[in-house]
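The values are calculated or read from the model by the stated rules, or taken from the named source; none is laboratory data. For clarity, every value in this text was computed on a predicted model and none was experimentally measured. Cβ atoms come from the backbone with ideal geometry, glycine included; neighbour counts cover every protein chain shown. Heads up: the accessible areas ignore ligands, DNA and RNA and are worked out on the full protein's heavy atoms, side chains in. Shrake-Rupley method; radii C 1.70, N 1.55, O 1.52, S 1.80 Å.
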Amino acid sequence: MPDRGFELLRDLVHEQTGLYFDDGKADLFFGKLSLLIEERACKSLLDYYDVLKCESGATDEWGKLFDALTVQESFFWREVEQIRVLVDDIVPQYFNISPNDTLSIWSAACAGGCEPLTIAMALDEAGWFDRARIEICASDASPRAIETAKKGVYREHSFRRLPPALKEKYFVRGVADSRVSSALHSRIRWQRTNLMSEADIALAPMTSPVIFCRNVFIYFSNQAACKTISAFARTMPRPGYLFVGMAESLMKVSSDFQLREMRDAYIYVKS
């Protein structure tokens, strides 16, 4: 694994995906891509760099690369304190000011769909779908993740935090897995979006006043995170609410949003 090949491929991946692997993670980087490199019969990282950089069919290959590099682990009712703030505070405030408008909520890195479905369950439990117009868009850069989300079938491990009564209400149990009810699943529009792609961003719901982008920036460089957050800030209305993961901080990355404590959760607000 020549050093030059690693650097060129690592920097190209960073440019196109935001994901960054420093020199100490070269083995991890190669391990994640080794099967793809073998499938393409590449003899070196430089050969695989040429595939991604030059070949006309590289679009499909980038999809496979996203599948290989991204962490798609998620589960229902994760970091639910933030979602309670959305349902109990932000949504009522929005419709008090704009009762006839449609509220758009974007789950910008939805993995297999647990996050947007959790949001939809919480909104439904509070009765919001019966008294207001709310749209939920869910996206991810990984084709495999979006396909999983569209199928709406989950193994038992995904339900480890979900209250049993909600699982019983919103899912149909199978032999080894459970399928989300069609009524809840239809509340969400699924699409593939690379947060570093200008073309994808142009098709994303960037004007949403509520964006969930949780546990993404821990894998991005500060440069990539700043680019994505700036894109959010340019189009989000005021006030705009950006939800990131509990382990993430934007304090040294962007000044477009201010950290605010609401109930038991922390949220970044464009105000």
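So the values come out like this:
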{"quantity": "Residues that are among the hydrophobic types (A, V, I, L, M, F, W, C), surrounded by fewer than 18 Cβ atoms within 10 Å (Cβ to Cβ) and touching a Lys or Arg at 6+ places or on another chain (Cβ under 8 Å), drawn from the stretch 166-183", "calculated": "Val172, Ala176"}
{"quantity": "Some residue of the stretch 112-126 being within 19 Å of the chain's Cα centre (by Cα) and of a type in the set (Asp, Glu)", "calculated": "yes"}
{"quantity": "Elements of type helices (runs of 4 or more DSSP H) in the stretch 20-109, at least 2 residues being of a type in the set (S, T, N, Q)", "calculated": "91-97"}
{"quantity": "Wholly within the stretch 119-220, helices (runs of 4 or more DSSP H) carrying at least 2 residues that are at pLDDT 95 or above", "calculated": "128-131, 143-151, 164-170, 182-185"}
{"quantity": "Unique residue being surrounded by 12 or more Cβ atoms within 10 Å (Cβ to Cβ), touching a residue at least 60 places away in the same chain (Cβ under 8 Å) and more than 30 Å from Asp124 (Cα to Cα) when the list is Gln72, Gln16", "calculated": "Gln16"}
{"quantity": "Failed condition for Ser186, given (1) under 16 Å from the mean Cα position of the chain (by Cα); (2) open to solvent by 70 Å² or more (accessible area, probe 1.4 Å)", "calculated": "(1)"}
{"quantity": "Subset of the stretch 92-106 [in contact with a Ser or Thr (Cβ under 7 Å, 6 or more places away or on another chain) and either among the aromatic types (Phe, Trp, Tyr) or open to solvent by 30 Å² or more (accessible area, probe 1.4 Å) (or both)]", "calculated": "Trp106"}
{"quantity": "Subset tally (residues that are touching a Cys at 6+ places or on another chain (Cβ under 8 Å), open to solvent by 10 Å² or more (accessible area, probe 1.4 Å) and not charged (D, E, K, R)) for the stretch 75-91", "calculated": "1"}
